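Colleague: Got a structure here, written out as C-alpha cells. Questions coming.
Read the figures in this text as sums done on the coordinates, not as results from a lab. Quantities reported herein were computed from a predicted structural model and do not represent experimental measurements. FYI the Cβ positions are ideal-geometry reconstructions off the backbone, even for glycines, and counts take in every protein chain you see.
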Amino acid sequence: LAKTTQPISMDSYEGQEVNITCSHNNIATNDYITWYQQFPSQGPRFIIQGYKTKVTNEVASLFIPADRKSSTLSLPRVSLSDTAVYYCLTVEFNAGNMLTFGGGTRLMVKP
Amino acid sequence: NAGVMQNPRHLVRRRGQEARLRCSPMKGHSHVYWYRQLPEEGLKFMVYLQKENIIDESGMPKERFSAEFPKEGPSILRIQQVVRGDSAAYFCASSLDRGVDNEQFFGPGTRLTVL
C-alpha cells in the first residue's frame, strides 16, 4: 500500500507556480521524501529528494516542515511541457530500493 | 551513456502464450528492478535483482512469472501462459547501488497486450 496521499489532479496555467502537497503521516525516521515525474508512455523520472527543511535544484523545490508529516513540491513558472503525473514517495534509507508508488497527481498545464 | 533500454516496446500475445521482456540497465549499474503499471494507476514493484541474484521478489505473482539477471546480457522478465489481466506496461529501472541516495533510472517500458 502507498504510504502517501496526494491530490488526484490539479490544473494550472503557463507561467504560474504550482505547489503539490503530499501527506505522509506515518513516515519513519529513516524515510526520505522523493518525487518522480511521469509523462505519458514513458517511465518515471526522478525530480527531487529531501529529508527535512528545504531542498532546491534546477527543476523544483521541496519544502518539508519540521514534523515531516507532509511535503510540498513546488514547480516555478510551469510550461505546457510540465503536464505529467507527479508521484510522491517515501523511501527508506539503505533499504532495497523498492519504490512504492501511489496514484500520483495529474497536473494539467493550460495555455 | 545510453539510458535503460527495454525491448520490445510493444508486445502482443494471445492467451496462453509466453511473453519475454528484456531490460538492459545503464552502463555500470548492477541493480535492476521491475515494476508493473496498470492503466491510470501508479507503478507496482515486482522484483529486485542484483547480478545473478534475486534480492526481493515480494511483488511478483507466485505463478507464471519469473525474472533473471544473468552475468552476461540483459535482465529478462518472463510471463508464462499469459492471461488478459497481464496486459500492462512493464517498466525496468536500474541503479548503481542500493540505498536512497542511489537514483533509480527507468526505461521506456514494454506495453504488453494480451488478446
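Colleague: Quick one: how many residues across region A:27-55 are more than 10 Å from chain B (Cβ to nearest Cβ) and either over 13 Å from A:Leu89 (Cα atoms) or in contact with a Lys or Arg (Cβ under 6 Å, 6 or more places away or on another chain) (or both)?
Modeller: 9
Colleague: A further question on this structure: In the set B:Tyr48, B:Tyr90, which member is of a type outside the set (Val, Ile, Thr), in contact (Cβ under 8 Å) with a residue 24 or more places away in the chain and surrounded by 13 or more Cβ atoms within 10 Å (Cβ to Cβ)?
Modeller: Numbers: B:Tyr48 fails: in contact (Cβ under 8 Å) with a residue 24 or more places away in the chain.
It is B:Tyr90.
Colleague: Only one residue in B:Glu68, B:Glu103, B:Glu18 is over 13 Å from the mean Cα position of the chain (by Cα), away from chain A (no Cβ under 14 Å) and either surrounded by fewer than 18 Cβ atoms within 10 Å (Cβ to Cβ) or more than 24 Å from A:Ile33 (Cβ to Cβ) (or both). Which one?
Modeller: Details: B:Glu68 fails: over 13 Å from the mean Cα position of the chain (by Cα); B:Glu103 fails: away from chain A (no Cβ under 14 Å).
None of the others qualify; the one that does is B:Glu18.
Colleague: Please verify whether region A:2-11 includes one or more residues that are more than 11 Å from the chain's Cα centre (by Cα) and within 11 Å of another protein chain (Cβ to nearest Cβ).
Modeller: yes
Colleague: Moving to a separate point now. Kindly indicate the residue of region A:14-58 that is assigned to a loop (DSSP other than H, G, I, E, B) and among the charged types (D, E, K, R) and also farthest from A:Val85 (Cα to Cα) among those meeting that condition. Don't jump to the end; show me each part of the working.
Modeller: Residues of region A:14-58 assigned to a loop (DSSP other than H, G, I, E, B): A:14-17, A:24-30, A:39-44, A:51-52, A:57-58.
Filter once more, keeping what is among the charged types (D, E, K, R): A:14, A:17, A:52, A:58.
On the way: A:Glu14: 17, A:Glu17: 16, A:Lys52: 23, A:Glu58: 19 Å.
The extreme case among them is A:Lys52.
Colleague: I'm trying to understand the selection: among the residues of region A:59-94, which are in contact with a strand residue (DSSP E or B) (Cβ under 9 Å, 6 or more places away or on another chain), at the interface with another protein chain (Cβ under 9 Å from one of its Cβ atoms) and not in a strand (DSSP E or B)?
Modeller: A:Phe93
Colleague: Right, next: Please name all residue pairs, on different chains or six or more residues apart, with Cβ atoms under 6 Å, provided the first residue is in region A:15-28 and is more than 16 Å from A:Gly50 (Cβ to Cβ) and the second residue is exposed (fewer than 15 other Cβ atoms within 10 Å of the Cβ).
Modeller: Sorted first by the residue in region A:15-28, then by its partner, the pairs are A:Gly15/A:Arg77; A:Glu17/A:Pro76; A:Asn25/A:Lys69.
Colleague: What is the residue count in region B:106-115 for residues that are within 7 Å of another protein chain (Cβ to nearest Cβ) and crowded, with 20+ Cβ neighbours inside 10 Å? Lay out the reasoning, then the answer.
Modeller: Quick first cut of region B:106-115, residues within 7 Å of another protein chain (Cβ to nearest Cβ) only: B:106-109.
This time we only want the ones that are crowded, with 20+ Cβ neighbours inside 10 Å, so: B:106-107, B:109.
Matching residues across region B:106-115 total 3.
Colleague: Right, another one. Name, by its number, the condition in (1) more than 11 Å from chain A (Cβ to nearest Cβ); (2) more than 17 Å from B:Phe106 (Cα to Cα); (3) touching a strand residue (DSSP E or B) at 6+ places or on another chain (Cβ under 9 Å) that does not hold for B:Glu57.
Modeller: Checking B:Glu57 against (1) more than 11 Å from chain A (Cβ to nearest Cβ); (2) more than 17 Å from B:Phe106 (Cα to Cα); (3) touching a strand residue (DSSP E or B) at 6+ places or on another chain (Cβ under 9 Å), the one that fails is (1).
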